[in-house]
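Everything below concerns the one structure shown next.
Any read-out appearing in this document is the output of simple, stated calculations on the displayed coordinates, not a laboratory observation. All values derive from a computational prediction rather than experimental measurement. Heads up, the Cβs are rebuilt from the backbone with ideal geometry, glycines too, and the neighbour counts pull from every protein chain shown.
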């Protein structure tokens, strides 16, 4: 029985080693994606929102603070998904500062909001943002520097804010593992994840799937790959957007369930192979450690736990250092223990329970 554990650990070690190799490659590639100065990027930026009055103020102020000249040829399309606050008024107060329009969702939900926005979109490339992000003053300088010729998707960094509560700190570590994996495998030319909070795509690939409640970012990535499109990524610090983590356990669980629920509809071979491998390895290790504890071999269970945790720590250390979030690792010992149960829990819950999002309840 213990030999099975060693096989699982070996497989997990291989996965982490490849991820580290990909991450180092992604970091080294960030300096070679720039183009020579020329005409600014012609771009529409789509921002769907629902009851985001406070967050919109911050984002609009960040856009207004962009370096001079960087917003030429950039237009912002805000889509109101039936908000009940004063978000539209906040947007209206910035109409004289840069090119923007604010329109009302013709349907209900984020998918309908995206379709409504695309009907007003006029550029070949489209940038998707979430309304609750913040950006730095050089974001569009960095975006204009990218060489996006013949690019169908560019995966851009979404960075978690480090805040005080335990579940927010735990969510930061979990998020760092996801963003690290995203850029690792993208650098290895096998992209498996993307985040619509900061995603640039060719307009011709846009399509929403109304059969599932979320996941248009992932389905767009898979569609582009299946059609032979070119996917690239950039870890340029200027292109980072910053987002807060869920404030408590319920919000965290709802968010992760929403992300996991769409996975049953994936068809991309890289995503399926890697995703199912992680599910089986993590579940197998958890069951094996429980069995070892049951038969009175706690030291063997501890060995398995420590090996896996050390592999995770090494990867997270590299990723957190890049994003200047190394202090988040202070809770890693406790987070590693929680993680052993969290992975299977989220997987099962996403297929059996409903989840809340933006004041609405969704069923799998």
- [ ] With springs only between Cα atoms under 10 Å apart, run a GNM on the chain and tell me which of 224, 295, 18 wobbles the most.
- [x] 295
Open item on the list: Within a 10 angstrom radius of the beta carbon, how do 310, 154 rank from fewest other beta carbons to most?
Closed with: 310, 154
Task: Exposure proxy order (Cβ contacts within 10 Å, fewest to most) of 20, 63, 7 - done: 7, 20, 63
Open item on the list: What whole-number distance in Å separates the alpha-carbon centres of segment 81-145 and segment 276-346?
Closed with: 39
TODO: Rounded to the nearest 0.05, what FRET efficiency do residue 283 and residue 54 give with R0 = 41 Å and r taken as the Cβ-Cβ distance? Could you check?
DONE: 0.55
Open item on the list: Output the 0 to 90 degree angle, nearest 10, between the alpha-carbon long axis of helix 216-226 and the longest principal axis computed from the alpha carbons of the chain.
Closed with: 80
Open item on the list: If I build a Gaussian network model for the chain, linking alpha-carbon pairs within less than 10 angstrom, which residue out of 273, 77, 192 has the largest mean-square fluctuation?
Closed with: 273
TODO: Mind running the shape call on segment 264-318? Use the C-alpha gyration tensor, a ≥ b ≥ c as the square roots of the eigenvalues: rounded below 1.5 for a/c, prolate if a/b tops b/c, oblate otherwise.
DONE: oblate
Open item on the list: Multiplying the sequence separation of residue 337 and residue 209 by 0.36 nm and subtracting their Cα-Cα distance, what value in nm do you get?
Closed with: 42.4 nm
Task: Nearest 10 degrees, 0 to 90: helix 53-64 Cα axis against the chain principal axis - done: 70
TODO: Between 78, 94, 183, find the one with the highest GNM mean-square fluctuation for the chain; connect C-alpha pairs within less than 10 Å.
DONE: 94
Task: Difference of contour (0.36 nm per residue) and Cα-Cα distance, residue 3 to residue 306 - done: 107.4 nm
- [ ] Determine the gain in length on full extension of the stretch residue 99-residue 86; use 0.36 nm per residue of separation and subtract their C-alpha separation, reporting nm with one decimal.
- [x] 2.7 nm
TODO: Report, in degrees rounded to the nearest 10, the 0 to 90 angle that the Cα long axis of helix 332-349 makes with the longest principal axis of the chain.
DONE: 80
Task: Cα gyration tensor shape of segment 65-214, rounded if a/c is under 1.5, else prolate or oblate by comparing a/b with b/c - done: rounded
Open item on the list: I need 61, 218, 193 ordered by Cβ neighbour count within 10 Å, fewest first.
Closed with: 61, 193, 218
Open item on the list: Suppose the Debye formula is applied to equal point scatterers at every Cα of the chain; what is log10 I(q)/I(0) at q = 0.08, 0.10 Å⁻¹?
Closed with: -0.41, -0.64
Task: Whether segment 105-183 is rounded, prolate or oblate, judged on the alpha carbon gyration tensor where a/c under 1.5 counts as rounded - done: oblate
